[in-house]
Amino acid sequence: MPVAVELSHVTKRFDRHVAVSDLSLTVPTGVVYGLLGPNGAGKTTTIRMLLNLIAPDEGTVRILGVPPSAPGVIDRVGYLPEERGLYKKMQVRRVLRFLGELKGLTGREADKRIDAWLERFGLDTPARDWGDAKVDELSRGMQQKVQFIGTLLHDPELVVLDEPFSGLDPINAQALKDTVLELRQRGRTVIFSTHLMDNAERLCDSVCIIAQGEKVLDGDVTAVREAHSGRSVAIAFVESPPPTVAEVLRDRTLVTRADDSNRSVEVELAPNADPQQLLARLMAAGARLERFELVRSSLHQIFLEAVGANGIETGVVGDE
Amino acid sequence: MKKFWAVFRREYLERIQSRWYIFATVAGPVFFGSVITIPQVLTRKAKPSVEVSHIIILDATGTDLGLRIAQSLRGGALGDTLAAVVRPVVSTALPTAQNMATAEVVRHQWIGYLVIDSAAMAGADVYYAGRNASSVQDMNRLTAAVRRNVLALRLERVGLDPQRIRSLTDVRNEINADRITDQGRGGSAELSTLFAYLVAFTLYTMIVLYGNVILRAVVDEKSSRVSEVVVASVQPDTLLAGKVFGVSSVAVTQVLLWVVMSTIVYKTRGPLLHLFHLDIPVIPFPTISATSVVALVLFWMLGFLCYAALFAGMGAIVTNQEDATQAALPVTMLVVLAVVLVVPVLIEPNGTVARVASWFPFTAPILMPVRMSVTQVSRYEVSLTLCGVAFGCAASLWLAARLYRVGLLMYGKRPSLRELVRWIRAA
C-alpha cells in the first residue's frame, strides 16, 4: 500500500519544553486518518512539521514520498489551520483566486473551480452571489465555508485539517464530514486532528492517539477497538437510579471505571469480574434497567484509558 | 517565481484600487499645488500693503526726516492713498508719545508706529512697533525707506542737489546667486536648496507612509491568521519579497503619477494662473545631469526597499496593531534621524557630519541626494555610497526574512531582544 505520510522518530523541542517526542507514524494513501489527543499533546506541532512550517529537531518527515521541503510537493497538499482567517477587506472570489494561485493554479482555472465550489456550498444562489462580497460582510459560517474551499480548490492529494470541527455549526460540520468522505472516495488522503472522539470514530479509518508529545497507540480503528473490547458494559436506566446503584458501581472488585452520565453509564469491568454478576447486583440494588449491553470500547473510552485523566489535565495547561 | 508574482499582484492590485489610494494620488498634486499657489495668491492680494504707510512716525530728529520717510512710504508704484502721520516730538517727550501711539494702535487707528531720533541720523537702529512687525516684506520696505532718506538727508547737508540725490540714491539691486560645480554653472543656489528639500521630504514621506502600510499589512495578516495558510503555500522569503516589492511598486506608481500630473499642470499653468490673475512665473529648473538622476532614482528605490523590509520584519514580531507602532519605533527613529540631519547637511554640505551621515547606509538614501543637490560630490563617493546602501538593503531583507520565518507563526507577548536574537539565529 502506498504511503501518503511517514514520520519516523520525530522530535521537536521549544526552549525547554518537548512538544513532540520520538513520534513515528505511517498514513497509507487514500484513508481518513485521525490524529487524536488532548490540547497541547503536540498535534498542531506535528501537523506544522508535515507542512514544512517548522523543521523537526530530530527524525525525518516524508509526505507523498518526498521531504516536505521538496520543491512542488506543498502544492499537492491542502491545509486548514486551527486558527482560521482570510483577508477581510478582499472580495471572496479574489481571496480564493489568490489562494489557488499560491498553489500553482492559473487564474482562469481557479475562477472556474471557484464558481463550482461557491454554488455547491450555497454561497452563489440566484438571490445573492456572495463571491462578490467582501470577506467581512460574510457570516462566520460562510467564512468557514470559504476557508474550506480555499483548502480544497487545487484538488490536493493530501488534505490536512487541524481541528476542523472547532467552531463549526452543525450544518457546516455535516458539510465537512460529507466532503471528507467524498475526498476519501476519490482516493485522496485526509489527515485531521481532533479531540472530539465521536467524529473521529465515525470518520476515521485509522487513528493515532498522542499525549504529551508521545504516541500512545495507533492503527486501524476497528483493530484498535477490537483490541480494547469485551470489558465494557453500557447501561441505561429507566429513571434516575437510587444511591444503592452508585455503590455497586463503586465496587472496585466489579468495576474499574464508570463513566457516569446520570441515566446512562459506561462501565469497564474489573479483571475477572463477570458481567452477569454485575447485572444481578444492579437488579438487587433496585435499578430499573432500560439497557444492559456488552460493548466494544468507544474511541472515547480508549482515549481516556490511554491518555488518562492525568494526561488530559497536563494537556490542558500545557501550551500548544 | 510564480508565487512571488501572485503575492506581488495581490499587494499591488488590492492597494491601487483602494479608494484611499486613488484619493491620495489625485489630491496629492492638488495639495502641493495649493501649498505653492495659495500663499502666492494671498501675498499678491495683500501686496498693496496699504498698511505699511498707515503708521505714525514719531520724529525726534528735529529735521524733516519723518516727513521724507512718510513721503517715500506713500505713493511709490502702488499709489497708496493712505499716508503716514508725522508727529515731531522732543526726545524727552518720546516715552509719553510712544504710550499714546501704542494705545492708538491697540484701538486699530493705526497699524504701528516708527520712532526716529537724532541717533538715527548717525546711523543707529530705529524702533518700530506694530501689528505687522513680523512681516518681513513690510519691515524690508520700512528699512529701505529709512536708509534711503537718512542717506539723502546726509548728502543734502554736505550740499548736494536734492534732485540729483534722489536719482542717485534710488538703488534697488538684489543678488541672484548661481551655484558653480565642476560641470560649470549649476543653476540657482536657492533653487538647489529647494530641490534638495523636495527630494528629502518626498522620500521621507514615502518611507513613513508606505512603511506603515507594510507594517499594518503584515500585522493584519498575522492577527487575522491568514499568514499560516499563506506560509503553508509560499516560502516566507518569497512572501516577504512579494509584499515588499508589491507595496514599493504602489509607492513608485504614486510618485510617477504625481510627476506626470505635475508636468501636465506645469505645461498648462498659463491658463490656470490666469484664473487667479497671476503672472506666469518663470520657474527655472536646476540643471541635473543624467547620471545624477540615475543615482537619485537608485537612492530612492534602495532606500525605500531597505526601510520597507525593516518595517515588514518588525510587523512579523508583534501580534496586534498597538504593539506594531512601538516595535516600528527604532526604524522610524532612523528615518527621523536622517530628516533631522537635513538642515545641518544643507548648512555645511562638506562638513564631517554631512559626510558621515551621507555615507551611513540608513541615512544615505535621504542625505546623499541632499548633498548632491547643494554641493559637488565625486562620482566615486556616490558610487561607493550606493554600494553601501545596496548592502544595507540586502542586510535588511536578510534580517526581515529571518524575523518573518519565525515570527509569522508566533503569537502572544512581544519577544524580548534576547529572544529576537535567538529567532534570528534559529531561522
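The values are calculated or read from the model by the stated rules, or taken from the named source; none is laboratory data. Keep in mind the model is a prediction, meaning the values are calculated, not measured. Glycine also receives a Cβ, built like all others from the backbone with ideal geometry; neighbour counts cover every protein chain displayed.
Is there a residue being within 12 Å of chain B (Cβ to nearest Cβ), within 25 Å of the chain's Cα centre (by Cα) and among the acidic types (Asp, Glu) anywhere in the stretch A:153-167? The answer is yes, given that some residue of the stretch A:153-167 is within 12 Å of chain B (Cβ to nearest Cβ), within 25 Å of the chain's Cα centre (by Cα) and among the acidic types (Asp, Glu).
Based on this model, can you work out whether A:Pro56 counts as within 14 Å of another protein chain (Cβ to nearest Cβ), of a type outside the set (Asp, Glu) and either in a loop (DSSP other than H, G, I, E, B) or closer than 23 Å to A:Glu157 by Cα (or both)? Yes: the conditions hold for A:Pro56. Checking each residue in the stretch A:136-148 for being more than 11 Å from A:Arg84 (Cβ to Cβ) and within 12 Å of chain B (Cβ to nearest Cβ) picks out only A:Asp136. Of all the criteria given as (1) assigned to a strand (DSSP E or B); (2) under 20 Å from the mean Cα position of the chain (by Cα), the one not satisfied by A:Lys12 is (2).
How many residues are within 12 Å of chain B (Cβ to nearest Cβ), within 26 Å of the chain's Cα centre (by Cα) and surrounded by fewer than 17 Cβ atoms within 10 Å (Cβ to Cβ) when one looks only at the stretch A:59-74? Matching residues across the stretch A:59-74 total 1.
At least 1 residues that are in contact (Cβ under 8 Å) with a residue 60 or more places away in the chain and of a type in the set (Phe, Trp, Tyr) in each: list the strands (runs of 3 or more DSSP E) lying fully within the stretch A:175-265 that qualify.
Numbers: elements: A:189-194, A:206-211, A:214-220, A:232-237, A:255-261.
Fully inside the stretch A:175-265 and qualifying: A:189-194.
When B:Ile165 is tested against (1) surrounded by 14 or more Cβ atoms within 10 Å (Cβ to Cβ); (2) modelled with pLDDT of 85 or more, exactly one condition is not met: (2). Close contacts from the stretch A:118-132, counting a first residue that is under 15 Å from A:Arg93 (Cβ atoms) and a second that is in a strand (DSSP E or B), with Cβ to Cβ under 9 Å and a gap of 6+ residues or different chains, come to A:Leu118/A:Asp124; A:Leu118/A:Asp129; A:Leu123/A:Asp129; A:Trp130/A:Asp124; A:Gly131/A:Gln91; A:Gly131/A:Asp124; A:Asp132/A:Gln91. For the criterion of being of a type in the set (A, V, I, L, M, F, W, C) and either outside the structural domain of A:Glu82 (by TED's automatic domain parsing) or surrounded by 22 or more Cβ atoms within 10 Å (Cβ to Cβ) (or both), A:Val180 fails.
I'd like to check something: does the stretch A:289-298 contain any residue that is under 22 Å from the mean Cα position of the chain (by Cα), at pLDDT 75 or above and aromatic (Phe, Trp, Tyr)? Write out each step before concluding.
Within the stretch A:289-298, the first condition is being under 22 Å from the mean Cα position of the chain (by Cα), and the residues that meet it are A:296-298.
Subsequent filtering for residues that are at pLDDT 75 or above retains A:298.
Those left that are additionally aromatic (Phe, Trp, Tyr): none.
No, the stretch A:289-298 contains no residue that is under 22 Å from the mean Cα position of the chain (by Cα), at pLDDT 75 or above and aromatic (Phe, Trp, Tyr).
Restricting the search to the stretch A:81-100, which residues are outside any loop (DSSP other than H, G, I, E, B) and within 8 Å of chain B (Cβ to nearest Cβ)? Talk me through it step by step, then tell me what you get.
Residues of the stretch A:81-100 outside any loop (DSSP other than H, G, I, E, B): A:91-100.
Correct list: A:Arg94, A:Phe98, A:Leu99.
Filtering the stretch A:23-53 to residues that are away from chain B (no Cβ under 14 Å) and without any contact (Cβ under 8 Å) to a residue 40 or more places away in the chain leaves only A:Thr26.
Looking at the stretch B:17-32 only, could you name the residues that are more than 14 Å from every other protein chain (Cβ to nearest Cβ) and surrounded by fewer than 16 Cβ atoms within 10 Å (Cβ to Cβ)? Break it down stepwise before answering.
Pass one, the stretch B:17-32, residues more than 14 Å from every other protein chain (Cβ to nearest Cβ): B:22-32.
B:Ile22, B:Phe23, B:Ala24, B:Val26, B:Ala27, B:Val30, B:Phe31, listed by residue number.
The set of residues in the stretch B:105-128 being of a type outside the set (Val, Ile, Thr) and surrounded by 15 or more Cβ atoms within 10 Å (Cβ to Cβ) consists of B:Trp110, B:Gly112, B:Tyr113, B:Leu114, B:Asp117, B:Ala120, B:Met121, B:Tyr128. Among residues of the stretch B:208-245 being in contact with a Pro (Cβ under 8 Å, 6 or more places away or on another chain) and outside any loop (DSSP other than H, G, I, E, B), the one that is nearest to the other protein chains (Cβ to nearest Cβ) is B:Glu228.
Residues considered: B:Val219, B:Val250, B:Val260, B:Val231. Of these, the only one that is crowded, with 16+ Cβ neighbours inside 10 Å, out of contact with any His (no Cβ under 8 Å at 6 or more places or on another chain) and farther than 28 Å from A:Phe148 by Cβ is B:Val250. Only one entry of B:Leu209, B:Leu198 meets the criterion of being surrounded by fewer than 20 Cβ atoms within 10 Å (Cβ to Cβ), without any contact (Cβ under 8 Å) to a residue 12 or more places away in the chain and closer than 24 Å to B:Val342 by Cα, and that entry is B:Leu198.
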